[in-house]
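Asks: Got a structure for you, written out below as structure tokens; questions coming shortly.
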Amino acid sequence: MKRLMAFDYGTKRIGIAVTDPLQIIASALTTVHPEEIWDFLTKYMLTEAIETFVVGKPLQMDGTDSESAMHILGFTRKLKKLYPEIPVVEIDERFTSKMASSVIAQSGKKKGKRQDKGLVDQVSATIILQSYMETGSFMR
């Protein structure tokens, strides 16, 4: 089976999470700089098949796009252009960074590790992916 891949897109870092091939477990994969994402995906997809890309979409409290949504739009457009055979799904990512920080703190990590923004982005991507999986919108 193919994996699901999720992105917590930021202008400084992109947190990436994937499922196992059976699409049961969402796990943090890595964090990459936005300039390196396309090379990373090319190399990753040489060995792993992706069924769906899930992109966290930053929304305001009232459900409208946030200021950073324009960056997500450019990213999702390029994903669709480079990988037209792979669906791109956007889901609400409000509060994922706060949730990620909380999960990291509860895990017992030392303060320095809890403040590692790359780790927060990876865990945020994992939360985005897990949220998508819980919606049942994808069917294996």
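Asks: Having 2 or more residues that are modelled with pLDDT of 95 or more and more than 21 Å from VAL123 (Cβ to Cβ) is the bar; report the helices (runs of 4 or more DSSP H) wholly within segment 1-107 that clear it. Explain how you work it out, then say what you get.
Replies: Numbers: elements: 37-47, 69-82, 96-106.
Of the helices (runs of 4 or more DSSP H) lying wholly inside segment 1-107, those with at least 2 residues that are modelled with pLDDT of 95 or more and more than 21 Å from VAL123 (Cβ to Cβ) span 37-47, 69-82.
Asks: Further question on the same structure: Every residue in segment 120-140 that is at pLDDT 65 or above, closer than 16 Å to VAL18 by Cβ and among the hydrophobic types (A, V, I, L, M, F, W, C), please.
Replies: VAL123, ALA125, ILE127, ILE128, LEU129, MET133
Asks: Further question: Do we have THR11 as buried (at least 22 other Cβ atoms within 10 Å of the Cβ) and of a type in the set (S, T, N, Q) here?
Replies: no
Asks: Filter segment 39-56 down to the residues that are within 8 Å of ARG3 (Cα to Cα) and among the acidic types (Asp, Glu), then identify the one that is surrounded by the most Cβ atoms within 10 Å (Cβ to Cβ).
Replies: GLU51
Asks: Residue by residue through segment 1-54, note down the ones that are of a type outside the set (Phe, Trp, Tyr), in contact with a Leu (Cβ under 7 Å, 6 or more places away or on another chain) and closer than 17 Å to ILE91 by Cα.
Replies: Result: LEU4, ALA6, ILE16, ALA17, VAL18, THR19, ALA26, GLU51, THR52, VAL54.
Asks: State all residues of segment 17-33 that are more than 17 Å from SER131 (Cβ to Cβ) and either touching a helix residue (DSSP H, G or I) at 6+ places or on another chain (Cβ under 8 Å) or buried (at least 19 other Cβ atoms within 10 Å of the Cβ) (or both); if no residue qualifies, say none.
Replies: The answer is THR30, THR31, VAL32.
The values are calculated or read from the model by the stated rules, or taken from the named source; none is laboratory data. This is a predicted model, so every value here is computed, not measured. Here the Cβ is made from the backbone with ideal geometry for all residues, glycine too, and neighbour counts use every protein chain on show.
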